[in-house]
Amino acid sequence: MATKTVVITGANSGIGKACVAVFTKAGWNVAATMRTPDAFDVSAYSGRVKKYRLDVTDADSVVTAFEDIRRDMGSIDAVINNAGYGLVGVFEAISDESLQRQFETNVIGLMRVTREAVKYMRPQRSGTIVQISSVGGKITFPLYAPYHGTKWAVEGFSESLHYELEQFNIRVKIVEPGIIKTDFAGRSLEFVTSDSVREYDAYVNTFLKAAEAAVKDAVDPSVVAQAIYVACTDGTAKLRYPVGKPAPAMIKLRKLVSDSMFFKIVKKAYGI
């Protein structure tokens, strides 16, 4: 049986990097893609890993990367849409440019990679596309409005897409991580506050204290990588995979209680 190949976007850190480790250990060929591959050390992995430049906001780089991966590794069996970041903060203070960049990366970029993946998977009548959404693609928290907008878009896009791709034996999977120990809270997070409208200051400070406390309970990204591997290999039509606390419990709770009750729970958690 031929060795399978997985394409991972944003493979240089966090969940993407954890996926490189999990899939190489399982014997897959790994195409590790990222915007700046020079600093990524493939020698740290025992399996077959090759790095490629792919910026999800650059259409030409997406096309070129897939062409190179297919040439180097043969079939493309799974694609993990992991690249993304969070735009968080006071919505009134967020510029059009920031909003455009957030949606261009988290939504349009993901769609762009997905479309390219389908071009290769449809003729071979097989493949799995894993979209990294979030618990924030099913529920909402304060000050995450733009980020939630992108993840809810990913959820709707992916759920609709799965209907038209199942005829080609292409599975769409949505992985919904909870709070994970990644640099999402560092370089992968853009937090915006309002310098001109100080009425938000107390609210933001209260939010930040609660958010910092929640991060202490974050789980390792390897937990998410394992769930992604299961999504790629379980052979089922299962669509969604919530993983990492509090994602499974919170998503279930959201279905069970009314809007007003859920909002009270969130406000209490953040002390607002």
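Would you please name the residue that is surrounded by the fewest Cβ atoms within 10 Å (Cβ to Cβ), looking only at residues in region 142-152 that are of a type in the set (Phe, Trp, Tyr) and either under 22 Å from Val230 (Cα atoms) or in contact (Cβ under 8 Å) with a residue 24 or more places away in the chain (or both)? So the residue we want is Tyr144. For region 117-127, the condition holds for no residue, the condition being that it is under 19 Å from the mean Cα position of the chain (by Cα), within 22 Å of Pro242 (Cβ to Cβ) and buried (at least 22 other Cβ atoms within 10 Å of the Cβ).
In this structure, Val154 does not qualify as at pLDDT 95 or above, within 23 Å of Asp234 (Cα to Cα) and outside any helix (DSSP H, G or I). Taking region 224-238 as the range and being among the aliphatic types (A, V, I, L, M), touching a residue at least 40 places away in the same chain (Cβ under 8 Å) and over 16 Å from Ser126 (Cα atoms) as the test, the residues that pass are Val224, Ala225, Ala227, Ile228. All of Tyr163, Tyr144 fail the test of being over 14 Å from the mean Cα position of the chain (by Cα) and either under 28 Å from Asp220 (Cβ atoms) or of a type outside the set (Ser, Thr, Tyr) (or both), apart from Tyr144. Of Lys51, Lys25, all but one fail to be among the charged types (D, E, K, R) and crowded, with 17+ Cβ neighbours inside 10 Å; the exception is Lys51.
Okay, residues lined up against (1) in contact (Cβ under 8 Å) with a residue 60 or more places away in the chain; (2) of a type in the set (Lys, Arg):
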{"site": "Pro123", "(1), (2)": "no, no"}
{"site": "Thr128", "(1), (2)": "yes, no"}
{"site": "Thr140", "(1), (2)": "yes, no"}
{"site": "Phe168", "(1), (2)": "no, no"}
{"site": "Lys181", "(1), (2)": "no, yes"}
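Screening Glu155 on (1) crowded, with 17+ Cβ neighbours inside 10 Å; (2) farther than 24 Å from Glu116 by Cα; (3) acidic (Asp, Glu) shows it passes everything except condition (2). Can Val63 be described as out of contact with any helix residue (DSSP H, G or I) (no Cβ under 6 Å at 6 or more places or on another chain) and more than 20 Å from Ala225 (Cα to Cα)? Yes.
Test Thr105 against the criterion of being in contact with a helix residue (DSSP H, G or I) (Cβ under 7 Å, 6 or more places away or on another chain) and either at negative phi or crowded, with 19+ Cβ neighbours inside 10 Å (or both), and give yes or no. So Thr105 fails the test. Residues in region 14-58 that are over 16 Å from Cys232 (Cα atoms) and touching a Pro at 6+ places or on another chain (Cβ under 9 Å): Gly14, Lys17, Lys51, Tyr52, Arg53, Leu54.
The values are calculated or read from the model by the stated rules, or taken from the named source; none is laboratory data. Everything numeric in this text was worked out from a predicted model, so none of it was measured. For neighbour counting, all protein chains shown are included, and Cβ atoms are generated from backbone atoms with ideal geometry for every residue, glycine included.
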